[in-house]
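The values are calculated or read from the model by the stated rules, or taken from the named source; none is laboratory data. Because the structure is predicted, anything quoted here is derived from the model rather than measured. Heads up, the Cβs are rebuilt from the backbone with ideal geometry, glycines too, and the neighbour counts pull from every protein chain shown. The protein model used for the area step is the full one, side chains on, heavy atoms only, and it has no ligands, DNA or RNA in it. Shrake-Rupley method; radii C 1.70, N 1.55, O 1.52, S 1.80 Å.
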Amino acid sequence: MTRIVILTGAGISAESGLRTFRAADGLWEDHRIEDVATPEGYDRNPGLVLQFYNERRAAAAAAEPNAAHKALARLATDRRHQVTLVTQNVDDLHERAGAPEVIHMHGSLFGALCARCRHRWPAPMVMRTTDLCPDCGHATCRPDIVWFGEMPHHMERIEAALRRADLFVSIGTSGNVYPAAGFVADARHAGIETLELNLEPSVGSRFFDRAVHGPATRIVPEWVA
Ligand code: BV8
């Protein structure tokens, strides 16, 4: 039984038509991070933030899982391996590809959160500033997404899986955002083999034992095979 921790980022969903963050046509080209992916940005202009995520929710719902998502789902259901699939992505393409369990460390487009009472519920396809929290009744609804300066979800569970893994694989992420970008250093410190599968060398490429560069829909199925 091989214990594998896999971290995915926006690059694994790029060939499903979902925009990444830091590419030339990336999401951060249209919006400043501070304006749409921080609590302060939400407080300043909740309408802009809800619109940003409404657009991404619609795009994610219209997208289809690609060969890379499907290959990881096959690996995760192969009883010869114990796979912990961690994603920075907020789409549901891993689940729709058949992955049995996905750890969304940055939350999900399909979850809603009350900024006031922290109540959580399934997000409507379109969130409006006039929506009221089903629990406290205030108009403080936001996407259940981890913004900059907020604590990512499931960190203890991820770190425990990393400590006992045999292999850490990073797929489709630029390695710019912490604490996810620090997982490869944690793995190396624990003496775990590390592999990067990405279109091009990431910021942290030098920390990986091995790297394969190319489009995820080619290199991920080749690796899983
Ligand atoms: C926190 C919202 C603390 C969701 C996002 C050191 C340690 C800890 C924190 C920090 C630190 N230094 C700085 C920080 C603060 C900050 C941070 O990391 N800042 C960066 C910019 C320096 N981190 C945080 O604020 C985090 N919180 O640390 O909290 C704390 C502690 C206690 C109590 C309270 C708080 C929160 C981080 C989460 C922020 N939320 N987004 C959303 O809108 O989606 S981050 C955002 O970037 C997305 O979530 C995304 O997942 C993430 C990473 O981006 P990538 O997925 O890598 O996407 P990117 O476009 O960058 O790269 C795509 C890659 O794919 C490229 O390499 C490309 O080559 C490749 N690719 C493209 N096409 C393909 C492909 N690969 C294969 N095939 C293809 N076809």
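The table below gives the values:
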item: From phi via Karplus (6.51, -1.76, 1.60), per-residue ³J(HN,Hα) for the stretch 94-108 in Hz, x at Gly/Pro; result: 4, 5, 6, 7, x, 5, x, 8, 10, 8, 8, 6, 10, x, 9
item: For the stretch 85-161: accessible area per residue (Å², 1.4 Å); result: 46 Å²
item: Residues Arg80 and Ser205, FRET efficiency given R0 of 35 Å [Cβ-Cβ distance, rounded to 0.05]; result: 0.80
item: Leu109, Leu132, ranked by accessible area, largest first (probe 1.4 Å); result: Leu132, Leu109
item: Residue among Thr20, Thr77, Thr87 with the largest mean-square fluctuation in a Gaussian network model of the chain, springs linking Cα atoms under 10 Å; result: Thr77
item: Share of carbon and sulfur in the accessible heavy-atom surface of the chain [1.4 Å probe, %]; result: 51 percent
item: Candidates Ala68, Ala123, Ala139: whichever shows maximal mean-square fluctuation once the chain is modelled as a Gaussian network with Cα springs under 10 Å; result: Ala139
item: In order through the stretch 64-73: 3J(HN,Hα) via Karplus (6.51 cos²θ - 1.76 cosθ + 1.60), integer Hz, x for Gly, Pro; result: 10, x, 9, 4, 6, 4, 5, 5, 5, 5
item: C-alpha center-to-center spacing [the stretch 65-133, the stretch 12-45] in angstrom; result: 17 Å
item: Principal-axis tilt of helix 46-62 within the chain, Cα atoms, nearest 10 degrees; result: 50 degrees
item: Which of Met127, Met1 is most accessible, then next, and so on - probe 1.4 Å; result: Met1, Met127
item: Computed accessible area, Arg74, all protein chains, 1.4 angstrom probe, square angstrom; result: 130 Å²
item: Alpha-carbon radius of gyration plus Dmax, which is the widest Cα pair, for the stretch 1-108 in Å; result: 15.4, 50
item: Rg/Rh for the chain, where both radii come from Cα atoms and Rh is the Kirkwood radius; result: 0.97
item: Residues of the stretch 54-84 with amide N under 14 Å of a point placed 7 Å along Cα→Cβ from His154; result: 73, 76, 83-84
